[in-house]
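Structure first, commentary second.
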Amino acid sequence: MIKYFKRGDYVAKLFVIINIFIVSIIVNTLAPLMPLLQKELNISISKSSSIPVFAVLGTTIFSIILSFLISRIGIKKSNYFGYLFLFVGLLMFSLSKSLIGIILASFFIGASSSFLFTSLTTLLAHLENPHYGITHAFFGIGGIVAPLLVSFSIKYNFSYRFLYFSYFLLTVFIFIWNVFIKMPDAKYEVMNFSKIKSTILKPIFFLSIISFLLYSGSEIGLITWVSNLFIYFGSSPDVAALSISSFWIFYTISRFLSDFVVKFISEKKIVIFCTLFSSMFIFIMLITKNSLIFLIIGFLMGAVFPMIQRYANMKLNKDEVGLLNGITFASTGVGGMIFSYFMGLLSKVSIPLMFIFPILGLLFVAFIQFIEKRGVKS
């Protein structure tokens with residue numbers, strides 16, 4: 001039986017928001033850091049693609065595992081595992097001076113994000129009046145802060161290792177809060193194989209998962225390599241990092257607004273509009289070499305993920321949401337891994353040509369959501 005939360009919802013929501021914000025800062029530090037890692041480790045853009053690939057591989061593997069285990073271990077224990085992986089990853093990033101060490105650190109940080117994002121969004125689905133747009137907006141705020149910190153460290157010649165060790169100390173305090181906070185835990189009956197199969201075969205389920213894969217692959221690929229694109233256009237590494245931060249500002253504004261816009265426009269229409277125009281503006285940015293267009297792209301892309309998730313979570317039964325959220329973050333890992341890796345390989349041919357992947361990915365998301373909107377029932 002699912003435990004619905006009537007009391008303590010405010011504290012639980014605050015816990016979700018702060019955790020998502022902190023983890024977002026950590027996972028979004030890697031993208032603006034890529035040019036610096038390439039220089040310090042003396043590796044090519046193509047070779048450095050293994051770093052984000054292993055980060056999303058960690059996310060993918062453990063999201064799949066957690067999607068089936070969360071009903072057994074509950075949210076608080078899932079968080080404990082997430083923090084454990086995060087501690088290992090942050091310490092490795094702080095101490096390692098080799099590509100292998102950075103790859104392993106990225107893997108553990110990716111694994112930690114799968115535990116924390118899956119458990120936290122599952123908790124949110126069980127609270128009264130969940131605000132997906134506002135909650136996900138704090139992921140965007142983390143995306144604003146992370147490139148600013150990287151830009152600051154580059155400008156004032158601070159090592160990225162110092163940055164990751166600071167993250168480690170911060171997460172220690174958050175872990176302590178997690179231990180002592182009085183928060184209701186979400187446990188429910190373990191789903192058997194037939195129930196899992198019937199849930200996965202629902203069109204609302206598998207079409208959402210495909211959309212998450214393509215959208216997140218497009219977003220992760222775009223953010224991971226856009227620093228290299230702007231440097232190719234003539235920007236300095238610190239200015240390129242600031243461009244990513246500016247992207248996240250508009251991305252976050254969009255997420256805040258989405259919870260209000262959805263009262264007047266359906267989730268499907270928001271997603272279709274935003275993905276179509278995002279792909280168009282990426283193409284315009286490549287043609288004009290104008291980095292300011294990246295801000296428009298951020299505003300358009302911000303609402304996509306929370307609107308797909310909101311629609312799917314509201315349509316499914318409560319005991320199906322944990323499975324959906326686990327596989328959701330697994331699919332985002334698969335998408336990110338595929339897009340990041342092949343975009344990195346394509347850099348050998350042309351850096352601007354790399355961005356054909358997010359253009360096509362976003363177009364396919366619009367198409368899939370249009371099909372579902374036209375009458376495919378869950």
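The values are calculated or read from the model by the stated rules, or taken from the named source; none is laboratory data. This structure is a prediction, so every number in the text was calculated from the model and none was measured. Don't worry about glycine lacking a Cβ; one is built from the backbone with ideal geometry, like all the others, and counts go over all protein chains shown. Just the protein is used for accessible areas: all its heavy atoms, side chains included, with ligands, DNA and RNA removed. Shrake-Rupley method; radii C 1.70, N 1.55, O 1.52, S 1.80 Å.
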Inset, instruction - Identify the residue in the stretch 142-163 that is modelled with pLDDT of 85 or more and among the β-branched types (Val, Ile, Thr) and, among all such residues, is nearest to residue 257 (Cα to Cα). - result: 145
Legend entry - Any chance residue 305 is open to solvent by less than 70 Å² (accessible area, probe 1.4 Å), in contact (Cβ under 8 Å) with a residue 40 or more places away in the chain and either closer than 25 Å to residue 259 by Cβ or among the hydrophobic types (A, V, I, L, M, F, W, C) (or both): yes
Inset, instruction - Select from the stretch 53-85 the residues that are of a type in the set (Val, Ile, Thr) and surrounded by fewer than 18 Cβ atoms within 10 Å (Cβ to Cβ) and write down the one among them that is farthest from residue 177 (Cα to Cα). - result: 61
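Which one is nearest to residue 170 (Cα to Cα) among residues in the stretch 1-20 that are modelled with pLDDT of 80 or more and surrounded by fewer than 19 Cβ atoms within 10 Å (Cβ to Cβ)?
18
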Legend entry - Number of the exception - residue 347 against (1) crowded, with 24+ Cβ neighbours inside 10 Å; (2) at pLDDT 80 or above; (3) among the small types (Gly, Ala, Ser): (1)
Legend entry - Answer residue from the stretch 308-330, given it is open to solvent by 10 Å² or more (accessible area, probe 1.4 Å), in a helix (DSSP H, G or I) and of a type outside the set (D, E, K, R) and is nearest to residue 115 (Cα to Cα) among those: 329
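Do you know which of the residues in the stretch 23-52 that are of a type in the set (Val, Ile, Thr) and open to solvent by 20 Å² or more (accessible area, probe 1.4 Å) is farthest from residue 146 (Cα to Cα)?
If we filter the stretch 23-52 for residues that are of a type in the set (Val, Ile, Thr), which is where we start, we get 23, 25-27, 29, 43, 45, 51.
Restricting the remaining residues to those that are open to solvent by 20 Å² or more (accessible area, probe 1.4 Å) gives 27, 43, 45.
Values: 27: 8, 43: 23, 45: 21 Å.
Among those residues, the one meeting the criterion is 43.
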Inset, instruction - Scan the stretch 138-150 and report the pairs whose first residue is closer than 9 Å to residue 25 by Cα and whose second residue is surrounded by fewer than 21 Cβ atoms within 10 Å (Cβ to Cβ) and among the aromatic types (Phe, Trp, Tyr), with Cβ atoms within less than 7 Å and a gap of 6+ or a chain change. - result: 141/21; 142/21
Legend entry - Condition met for residue 100 (in contact (Cβ under 8 Å) with a residue 40 or more places away in the chain and either open to solvent by 20 Å² or more (accessible area, probe 1.4 Å) or hydrophobic (A, V, I, L, M, F, W, C) (or both)): no
